[in-house]
Amino acid sequence: MSFLGIDLGTSGLRAMLMDEAGLAIRTVEADYTTRSPAPGWSEQDPKLWIDALDAVVEELRITEPRFANLIGIGVAGHMHGATLLDDMGNVLRPCILWNDTRAATEAAAIDQNPVFRDISGNIVFPGFTAPKLAWVAKHEPEIFTKTAKVLLPAAYLNYHLTGDYVADFSDSAGTSWLDINARDWSNTLLSIGGMDVSQMPNLVEGCDAAGMLRQDLKRKWGLKQDVVIAGGAGDNAAAACGIGAFKEGQGFVSLGTSGVILIARDGCYPAPATAVHTFCHALPARWYQMGVMLSATDSLNWLSKITRQTPAQLTRALPDALRTPSAVKFMPYLSGERTPHNDAKVRGGFLNVSIQNDAVDLTQSVLEGVAFGLRDSLEALRQTGALPKALYAIGGGAKSDYWLKLLATVLQIELQVPEDGDFGPALGAARLAQIASCGSDYNNVMRSPTVSRVVKPDTNLIDAFERAYQNFKQNFAAYRSLNC
């Protein structure tokens, strides 16, 4: 038996074929592009996702004999996207993505109604789905009138695979239409925006069956058995499944394009005023909370472009041991910010730069700025009662030893680095597929990875970085007023 986990990402699709022991057999990827027809806009044609899926499946079919024994598929997708379909299931316009900020005005207006935070458990952020539909209603009324279904990107792939409109709770929690405590669509929230529950997909747990693979796809892919499609998950919930974080206090810090600190919760404890995201997990009676910053490794990638050095070259120029906090301060808000500031308009910048500073100093300040931004998220999470004792460190930025030492010291928490392997959304989605198709106990399937090493805070520098963090917070208020 084999299981396929699909990670529908912003810049490409990754597919992992997994065996029944939970080990990756083969991972393949296909890239695609994002359109930005106006400042702050971010769109994709869903056909790109289907083409990418066809490409990776074809490669697996040709190169991996065990693909023919596939019995389960799980899809993880980037959250909040609005894929609009007519009553025949045809796509009406490009999908408006999670990082699209055109609906900031609509989000602010919706968020003024306290019922949204009360029921959805979250601030109505500009990137969420409900304000996108409010924007479409205002600016593209002919499209809004024709909209028969609103699907998140992962749900659209589920539709392609099964022919049914099905989504899971973890992904749907990021729409501002889900009652996250009741785990169901809220008629109240939908009706306020002129929407109806008939326009929503059916809901299932991420580890339950959403449907069966279409027979034409089964024949096309050369499969021997019927294939169960799991409910799937939003990308961060799937990453939590991949790292085995589903019990109270388990979690990870991800240094990817965006920065995420995610903590699993045994109950629903929303605290929208903190700008912490509180979402359903992909497993029954589980939730998770996370703080998000929009430019983590993106900040280093930006510095890489303007210095014409690779991110690895920039970080290798730093010493093995942590330096004392930099006098140069970096505000890591190149694309705005989520937690705890909820400010789509704020932008990044350096403070206290002098003629003596070089690329190494700027690199250090960028890494520190990102670490301080993630500390903001951790403090917001702690306000909700999420109290992790340690965090797994994942994502591309976790390959930098200096960044890990810095982050452990700034967060004042132990970081656990998994052994080499892919513990991201694709693995989590494959695990959900295994549970859905085999009825396996998720306590056995959602295993934590072996830890290759532990990075502890530098006790000699904790106080210095604590002072630097407090100074960062004080500087931010003044910087924000100038920036706006």
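The values are calculated or read from the model by the stated rules, or taken from the named source; none is laboratory data. All values derive from a computational prediction rather than experimental measurement. Note: ideal-geometry Cβ built from the backbone for every residue, glycine included; neighbour counts use all protein chains shown.
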What's the number of the condition Val328 fails, among (1) in contact (Cβ under 8 Å) with a residue 40 or more places away in the chain; (2) in contact with a strand residue (DSSP E or B) (Cβ under 8 Å, 6 or more places away or on another chain)? (1)
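For every residue, the table says whether it meets (1) surrounded by 20 or more Cβ atoms within 10 Å (Cβ to Cβ); (2) part of a helix (DSSP H, G or I); (3) touching a Pro at 6+ places or on another chain (Cβ under 9 Å).
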{"position": "Thr278", "(1), (2), (3)": "yes, no, yes"}
{"position": "Leu283", "(1), (2), (3)": "yes, no, no"}
{"position": "Tyr288", "(1), (2), (3)": "yes, no, no"}
{"position": "Trp302", "(1), (2), (3)": "no, yes, no"}
{"position": "Leu314", "(1), (2), (3)": "yes, yes, no"}
{"position": "Arg323", "(1), (2), (3)": "no, no, no"}
{"position": "Ser326", "(1), (2), (3)": "yes, no, no"}
{"position": "Lys345", "(1), (2), (3)": "no, no, no"}
Name every residue in the stretch 103-118 that is assigned to a loop (DSSP other than H, G, I, E, B), in contact (Cβ under 8 Å) with a residue 24 or more places away in the chain and either of a type in the set (Ser, Thr, Tyr) or surrounded by fewer than 21 Cβ atoms within 10 Å (Cβ to Cβ) (or both), in order of residue number. Asn113
Any hit, the stretch 87-94, residues being assigned to a helix (DSSP H, G or I) and at pLDDT 95 or above: no
Could you pull out the residue among Gly121, Gly77, Gly81, Gly127 that is within 30 Å of Ala285 (Cβ to Cβ), surrounded by 24 or more Cβ atoms within 10 Å (Cβ to Cβ) and at pLDDT below 95? Gly127
Scope the stretch 103-124; condition in contact with a helix residue (DSSP H, G or I) (Cβ under 6 Å, 6 or more places away or on another chain) and closer than 22 Å to Thr34 by Cβ; matching residues: Ala103, Glu106, Ala107
Residue list for the stretch 271-284, filter: over 13 Å from Asn342 (Cα atoms) and either at pLDDT 95 or above or β-branched (Val, Ile, Thr) (or both): Thr278, Phe279, Cys280, His281, Ala282, Leu283, Pro284
Quick check, is Leu157 touching a residue at least 12 places away in the same chain (Cβ under 8 Å) and under 18 Å from the mean Cα position of the chain (by Cα)? yes
Take the residues in the stretch 393-409 that are closer than 30 Å to Gly206 by Cα and of a type in the set (A, V, I, L, M); name whichever of them is surrounded by the fewest Cβ atoms within 10 Å (Cβ to Cβ). Ala398
Single residue of the stretch 324-352 satisfying the filter (among the basic types (Lys, Arg) and in contact with a Phe, Trp or Tyr (Cβ under 9 Å, 6 or more places away or on another chain)) that is farthest from Ala478 (Cα to Cα): Arg338
Residue that is farther than 19 Å from Gly163 by Cα, of a type in the set (Lys, Arg) and out of contact with any Gly (no Cβ under 7 Å at 6 or more places or on another chain), where the choices are Arg26, Arg61: Arg26
Do we have any residue at all in the stretch 186-202 that's under 17 Å from His80 (Cβ atoms) and of a type in the set (S, T, N, Q)? yes
Residue satisfying all of: in the stretch 29-71; small (Gly, Ala, Ser) and in a helix (DSSP H, G or I); nearest to the chain's Cα centre (by Cα) among these: Ala52
Does the stretch 292-299 contain any residue that is surrounded by 23 or more Cβ atoms within 10 Å (Cβ to Cβ), at pLDDT below 95, aliphatic (A, V, I, L, M) and in contact with a His (Cβ under 9 Å, 6 or more places away or on another chain)? yes
Of all the helices (runs of 4 or more DSSP H) wholly in the stretch 145-247, which have at least 2 residues that are aromatic (Phe, Trp, Tyr) and either touching an Asp or Glu at 6+ places or on another chain (Cβ under 6 Å) or surrounded by fewer than 20 Cβ atoms within 10 Å (Cβ to Cβ) (or both)? none
Members of the stretch 330-343 found to be part of a loop (DSSP other than H, G, I, E, B) and on the phi > 0 side of the Ramachandran plot, listed by number: Asn342
Scan the stretch 440-463 for residues that are at pLDDT 95 or above and either in contact with a strand residue (DSSP E or B) (Cβ under 9 Å, 6 or more places away or on another chain) or not hydrophobic (A, V, I, L, M, F, W, C) (or both) and jot them down. Val454, Val455, Lys456, Pro457, Asp458, Thr459, Asn460, Asp463
May I ask you to verify whether Arg308 is without any contact (Cβ under 8 Å) to a residue 60 or more places away in the chain, more than 21 Å from Arg382 (Cα to Cα) and either buried (at least 23 other Cβ atoms within 10 Å of the Cβ) or of a type in the set (D, E, K, R) (or both)? yes
Among the listed residues Gln416, Gln412, which satisfies the condition of being at positive phi and either surrounded by 12 or more Cβ atoms within 10 Å (Cβ to Cβ) or among the acidic types (Asp, Glu) (or both)? Gln412
Of the residues that sit in the stretch 456-479 and are hydrophobic (A, V, I, L, M, F, W, C) and over 20 Å from Asp401 (Cα atoms), which one is surrounded by the fewest Cβ atoms within 10 Å (Cβ to Cβ)? Ala477
A careful count of residues in the stretch 382-392 that are surrounded by fewer than 24 Cβ atoms within 10 Å (Cβ to Cβ) and either closer than 20 Å to Gly242 by Cβ or charged (D, E, K, R) (or both) gives 4
